[in-house]
Protein chains: 2
Amino acid sequence: MFKRTHHCNELTTANVGQTVTLCGWVNASRNLGGLIFIDLRDREGITQINIDPAARPELAAKAATLHEEYVISVTGIVRARPENMVNAKRATGTIEVEGTDLEILNAAKPMPYNLEDPTASEDIKLKYRYLDMRRCGLLANLRYRHKMTKVIRDVLDENGFIEVDTPILTKSTPEGARDYLVPSRIKPGLFFALPQSPQQYKQLLMVGGVERYFQIARCFRDEDLRADRQPEFTQVDLEMSFVDQDDIIAVSEQMIARTVEAVTGKKVQLPIERMTWDTAMNKYGSDKPDLRFDMAIHDMGAIFQNTAFQAFQKVLADGGVIRAINAKGQAASSSRKVIDGWTEEAKLFGAHGLLWLKVDPDGKLSGSAAKFFNEDETAAMKAELAAEPGDLLLMVADKWSVACAAMGRVRLCVADKAGLIDPSVLRFEWIVDFPMFEWSEEDNKWNAVHHPFTAPNDEGWALLESDPGKVYAKAYDIILNGCELGGGSIRIHQPERQAQIFKALGISDEQARLRFGHLLDAFSFGAPPHGGIALGLDRFVMLLCSAKSIREVIAFPKTAKSFDLLMDAPDTVDKKQLDELHIAIVNDTEDK
Amino acid sequence: MFKRTHHCNELTTANVGQTVTLCGWVNASRNLGGLIFIDLRDREGITQINIDPAARPELAAKAATLHEEYVISVTGIVRARPENMVNAKRATGTIEVEGTDLEILNAAKPMPYNLEDPTASEDIKLKYRYLDMRRCGLLANLRYRHKMTKVIRDVLDENGFIEVDTPILTKSTPEGARDYLVPSRIKPGLFFALPQSPQQYKQLLMVGGVERYFQIARCFRDEDLRADRQPEFTQVDLEMSFVDQDDIIAVSEQMIARTVEAVTGKKVQLPIERMTWDTAMNKYGSDKPDLRFDMAIHDMGAIFQNTAFQAFQKVLADGGVIRAINAKGQAASSSRKVIDGWTEEAKLFGAHGLLWLKVDPDGKLSGSAAKFFNEDETAAMKAELAAEPGDLLLMVADKWSVACAAMGRVRLCVADKAGLIDPSVLRFEWIVDFPMFEWSEEDNKWNAVHHPFTAPNDEGWALLESDPGKVYAKAYDIILNGCELGGGSIRIHQPERQAQIFKALGISDEQARLRFGHLLDAFSFGAPPHGGIALGLDRFVMLLCSAKSIREVIAFPKTAKSFDLLMDAPDTVDKKQLDELHIAIVNDTEDK
């Protein structure tokens, strides 16, 4: 094999006259009678080779046997292209290589699908993932991913963090999502589980005195996959001792800013703004608000305190709220059909309907509910929303959680339609002061919003029994462009404090022992104050690469049905393997 | 919580007079009547605190409640120690901190075992792994491990490698070791398997054009664990395209040398020497020779060509060999009992016995077989082995493989007894030119020594059918101090070449299709020439840390029975979980 001297993106007019060797794939070849042109592609770029049949008939004969995706090594002399042949779009567009020797390293059968075809089915591209890698942006995404993890590791290393691998074969913890199980052969009837996160291990590392831990950790969840989930995913996981929320946020910000700058060149303004969960919900109807645009939600309750409109009366009397946004300048372009679509979106979140009002050129309101409001209400409404002719006002009256969620959704729909979202902007935000508990109608008790090891804020301890709904947690999420990038919390490190929380959650001592015994033991032997955060790496890469799906930033993803089309996994196994594991397949259909 | 200003290794006389805050664990506390001394420990070191009850009675009363491993935060003023109180062994031994304030961050129950006790049982230390981390060298080892992976990543990144994560949920490949299986819930009756290595994925990445891939990859093997194996282990895995063996060796050496220097300060002389497999076996009786000492094995066959000694006659007539070492100066100190021990070792490798001869002060030979050899033979033997008075000659006559292995083992035993091994030396060696095939008596066919994708060397293709035993592979192992650190090979990248190898291995087209179909497909679409290597990270860290077991360099290892004593895994799971997976536990005892 000839030894490569350059990559296919490297040669310029500075190399003219040099003899070089390039290796790669035939991206395209054209026989223009007088000359054979080969576009040779490697990981870095494309270089044009030309072979002159008149001057080198044997070489030309060999070149004529090449097909798409043949693997070759070419030696030749770098020549400047005539000015009218310069390809400004290509790094090597000012030169070409006059081929003097050619080695065919491997042939290629005709491709199973057109690699350039953007409409090729997702399934065929997953089956031939290695071919998809050659042409699409996938390889570029994998490089971004590599660069991001490199920078993350560099920053955390500089900050004294130690990367520690925690086990993949661990224990099932039935709360949370469904575990993947691994039967034990040596202990028949017992099972390992794949970790949903290294949460317990990282807290144990803090008890062990590691003080600053991180891991880029593989995690697993056996869920019925929603739109863009994978059964195995990766999180940037860190934990620190002797710190408070500000310390964890500061380190995370440094890591995020350095990563963003390394792969996009963009500066993240630090510190990243913080917004309380209450504000996020009230103003943007979401705990992961997209703040690339404003269009805040307004509370209209005061305006309609004494309304004659019965629907509003009833909502307010029941403790509900009335919330509205001003879809600036959207009156004319929002047809009935468009508004009906938004209404359906609002209903998905439980809203009974979506009221809309257009501000006519004369300043009067028209639309579904205009007639129900008196002059004062109309004026106050317009003032509150700074409504001007051409604006579209959208309103939901419902219980607080429904009104927030529905208006939050409608806000996004309007922004999308109105083109308010600049895709080049990266807008980060911390959401802080999450509620500690949420009331479960189903369980008829308070459940933890995060996990039961999350610490309440200092004032919260006094309210644990009297008013759990008013207890806020030392928990924080980092949001990027309306996506939750990650979150974390300060943990409870004192066993007696942990017992108080279990009690508030209705977890008995016996249950706590059974479910978290080893962790409670550990906390009793001198656990330091600690806290941490986990960021979803796949999503972070996806957002920075502007990819449409996390599948585009994972080398070998599974389908929405958790199937690996390339390897054909999962697959059948030998009966002998099952026998060794002391398990059998239960065939439901036979049972019935 | 008071904010830490310094770590417990940082303060020196330069800080005298400063007010500082330290956080950590009570390593020890002593009440010497007049003064209370606390040794405060954090991740970085220990600092002595003193509290004067006369000056600060309330603080002293609080300090008196402290016990071992309490977590505290102390504020105080740095004072120089009187000269006679300086502790030269401690980084902070020239100062102490006069405590002015103290916060108890967490209490600790009495420790479940004496953390300083070197005889504490392995089981209790694994159960309380987080406590074991606090005192022993475990944390130091985890830091070394972090540093090593950091340097490895830096070196590979600088060399254009892209770190790509490959799936953990993949497909069972019944050849090789036993797989861990993961039942699929969505596809009842089908199973994922955890990867034994990313071998197939990394080759697919080469087909995909990644050109330089690496991963610090978690791998899994469900084996009955030998001495120092773990069911999950980590390998530094890399693969390159358009390269030959020398390129892979060069990158590996750079990575190894940089890593070694970063954690030990030692320079590795590059290039690392290479030895053929034939030489390693013949001269050192092992494919992973320990070259920290020489004591090469000698071939005595020529000397005994016409011997009258019937045992030797027979071995030579049967195509066997006679191999010997000179245990320099070991005659006097090697008792009959010692030699009997070595004989038992030789027998473990199939040898019928171990002949020994002592060179007496007068130059004559004495010992078990001296009488069988004539004067010429004795003289030739002494000359070949450069034998001098006081030397002990050890000999095995047997078939080649047995004689090599037995003498190789005896060589190590002698070196150990004679103290020839300098534990501070790091001796690397490449073993190259491995045989491609080994004859299996059991299967009555040739099997692959590495895996069936390994390329033979260029001359080997012609011998595939006529003399497979003479075919050498483009395979290489890297050895450190007699341990196999890793190995790799150049792969076959052309489908027609792969078919030739399958044929030589007696693998039919149908079998090949069934077992490696997706890989063979991939190779037919333009696979570049490629090869790679994998290093066992756990073992590498262990050797550089001078740890005795890989358990000492893994944060949360499993026992020899694959049990996690900390988490108590594997464990029982709910029947509901099994039902969802459509599997049932087969209870053997009930069946019988």
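The values are calculated or read from the model by the stated rules, or taken from the named source; none is laboratory data. All values derive from a computational prediction rather than experimental measurement. All Cβ positions, glycine included, derive from the backbone under ideal geometry; neighbour counts span all protein chains shown. Ligands, DNA and RNA are stripped out before the accessible areas are found, and what is left, the full protein with its side chains, is counted by its heavy atoms. Shrake-Rupley method; radii C 1.70, N 1.55, O 1.52, S 1.80 Å.
Determine which member of the set B:V243, B:V263 is in a loop (DSSP other than H, G, I, E, B) and within 14 Å of another protein chain (Cβ to nearest Cβ).
Exactly one of B:V243, B:V263 is in a loop (DSSP other than H, G, I, E, B) and within 14 Å of another protein chain (Cβ to nearest Cβ), namely B:V243.
For the stretch B:298-314, which residues satisfy the criterion of being in contact (Cβ under 8 Å) with a residue 60 or more places away in the chain, open to solvent by less than 30 Å² (accessible area, probe 1.4 Å) and touching a strand residue (DSSP E or B) at 6+ places or on another chain (Cβ under 6 Å)?
Scanning the stretch B:298-314 gives B:M300, B:F304, B:F312.
If we keep just the residues of the stretch A:487-523 that are within 10 Å of chain B (Cβ to nearest Cβ) and touching a strand residue (DSSP E or B) at 6+ places or on another chain (Cβ under 7 Å), which is surrounded by the fewest Cβ atoms within 10 Å (Cβ to Cβ)?
Of everything passing the filter in the stretch A:487-523, A:Q494 is surrounded by the fewest Cβ atoms within 10 Å (Cβ to Cβ).
So is A:E96 modelled with pLDDT of 95 or more and under 23 Å from A:N27 (Cβ atoms) or not?
yes
What residue, of B:G24, B:G45, B:G34, is of a type in the set (G, A, S), within 14 Å of another protein chain (Cβ to nearest Cβ) and open to solvent by 10 Å² or more (accessible area, probe 1.4 Å)?
Testing whether each residue is of a type in the set (G, A, S), within 14 Å of another protein chain (Cβ to nearest Cβ) and open to solvent by 10 Å² or more (accessible area, probe 1.4 Å) leaves just B:G45.
In the list A:A380, A:A386, A:A403, A:A369, which residue meets the criterion of being surrounded by 21 or more Cβ atoms within 10 Å (Cβ to Cβ) and among the aliphatic types (A, V, I, L, M)?
Within the list A:A380, A:A386, A:A403, A:A369, the selection yields A:A403.
Any idea which of (1) free of Cβ contacts under 8 Å to residues at least 60 places away in the same chain; (2) in contact with a strand residue (DSSP E or B) (Cβ under 9 Å, 6 or more places away or on another chain) is the one A:K89 doesn't satisfy?
Of everything listed in (1) free of Cβ contacts under 8 Å to residues at least 60 places away in the same chain; (2) in contact with a strand residue (DSSP E or B) (Cβ under 9 Å, 6 or more places away or on another chain), A:K89 misses just condition (2).
Condition first: part of a strand (DSSP E or B), of a type in the set (A, V, I, L, M) and under 22 Å from A:D458 (Cα atoms). Can you find one or more residues in the stretch A:221-236 that meet it?
Checked the stretch A:221-236: no residue is part of a strand (DSSP E or B), of a type in the set (A, V, I, L, M) and under 22 Å from A:D458 (Cα atoms).
Consider the stretch B:109-124. How many of its residues are outside any loop (DSSP other than H, G, I, E, B) and within 14 Å of another protein chain (Cβ to nearest Cβ)?
1
Name the one entry in B:P167, B:P231 that is closer than 26 Å to B:H146 by Cβ, in contact (Cβ under 8 Å) with a residue 60 or more places away in the chain and within 7 Å of chain A (Cβ to nearest Cβ).
Answer to the selection: B:P231.
Quick one: in the stretch A:199-228, which of the residues that are in contact with a helix residue (DSSP H, G or I) (Cβ under 8 Å, 6 or more places away or on another chain) and either among the polar types (S, T, N, Q) or at pLDDT below 95 (or both) is most open to solvent (accessible area, probe 1.4 Å)?
A:D228
If B:S489 satisfies every condition in (1) under 30 Å from A:N106 (Cα atoms); (2) touching a Leu at 6+ places or on another chain (Cβ under 9 Å) but one, which is the exception?
(2)
Check the stretch A:171-189 and report whether any residue there is within 7 Å of chain B (Cβ to nearest Cβ), in a strand (DSSP E or B), crowded, with 21+ Cβ neighbours inside 10 Å and not hydrophobic (A, V, I, L, M, F, W, C).
Checked the stretch A:171-189: at least one residue is within 7 Å of chain B (Cβ to nearest Cβ), in a strand (DSSP E or B), crowded, with 21+ Cβ neighbours inside 10 Å and not hydrophobic (A, V, I, L, M, F, W, C).
Which condition breaks for B:F516 when tested against (1) in contact with a Leu (Cβ under 8 Å, 6 or more places away or on another chain); (2) over 25 Å from B:E429 (Cα atoms)?
Here B:F516 clears every test but (1).
Give the stretch B:39-64 a look and list any residue that's part of a loop (DSSP other than H, G, I, E, B), under 24 Å from A:Q494 (Cβ atoms) and at pLDDT 95 or above, or say none.
Scanning the stretch B:39-64 gives B:D42, B:R43.
Determine if the stretch A:468-483 includes at least one residue that is small (G, A, S), part of a loop (DSSP other than H, G, I, E, B) and over 30 Å from A:V260 (Cα atoms).
no
Looking only at the stretch A:125-164, count every residue that is more than 7 Å from chain B (Cβ to nearest Cβ), touching a strand residue (DSSP E or B) at 6+ places or on another chain (Cβ under 6 Å) and not in a helix (DSSP H, G or I) and tell me the total.
Adding up the residues that qualify gives 2.
Can you tell me which of B:G482, B:G488 is closer than 24 Å to B:C219 by Cβ, at pLDDT 95 or above and out of contact with any Gly (no Cβ under 9 Å at 6 or more places or on another chain)?
B:G482
Just a yes or no: is a residue in the stretch B:1-16 of a type in the set (V, I, T), closer than 13 Å to B:T100 by Cα and either in contact with a Ser or Thr (Cβ under 8 Å, 6 or more places away or on another chain) or open to solvent by less than 50 Å² (accessible area, probe 1.4 Å) (or both)?
No, the stretch B:1-16 has no match at all.
A quick yes/no check of all residues on (1) touching a Cys at 6+ places or on another chain (Cβ under 7 Å); (2) without any contact (Cβ under 8 Å) to a residue 12 or more places away in the chain:
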| site | (1), (2) |
| --- | --- |
| A:F192 | no, no |
| A:Q196 | yes, no |
| A:R218 | no, no |
| A:D222 | no, no |
| A:E253 | no, no |
| A:V263 | no, no |
| A:Q269 | no, yes |
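Go through the stretch A:196-215 and give me each residue that's in contact with a His (Cβ under 9 Å, 6 or more places away or on another chain) and assigned to a loop (DSSP other than H, G, I, E, B).
Hit for the stretch A:196-215 is A:E211, nothing else.
Scan the stretch A:278-290 for residues that are open to solvent by less than 20 Å² (accessible area, probe 1.4 Å) and at negative phi and jot them down.
Selection gives A:A280, A:Y284, A:P289, A:D290.
Kindly establish whether B:G363 is in the same structural domain as B:N306 (by TED's automatic domain parsing), modelled with pLDDT under 95 and within 14 Å of B:G329 (Cα to Cα).
yes
Among the candidates A:N106, A:N87, which residue alone is open to solvent by less than 60 Å² (accessible area, probe 1.4 Å), within 41 Å of the chain's Cα centre (by Cα) and within 14 Å of chain B (Cβ to nearest Cβ)?
Just one listed residue meets the conditions, A:N106.
Within the stretch A:552-579, take every residue that is surrounded by 22 or more Cβ atoms within 10 Å (Cβ to Cβ) and not in a loop (DSSP other than H, G, I, E, B) and give me the one that is nearest to the other protein chains (Cβ to nearest Cβ).
A:A569
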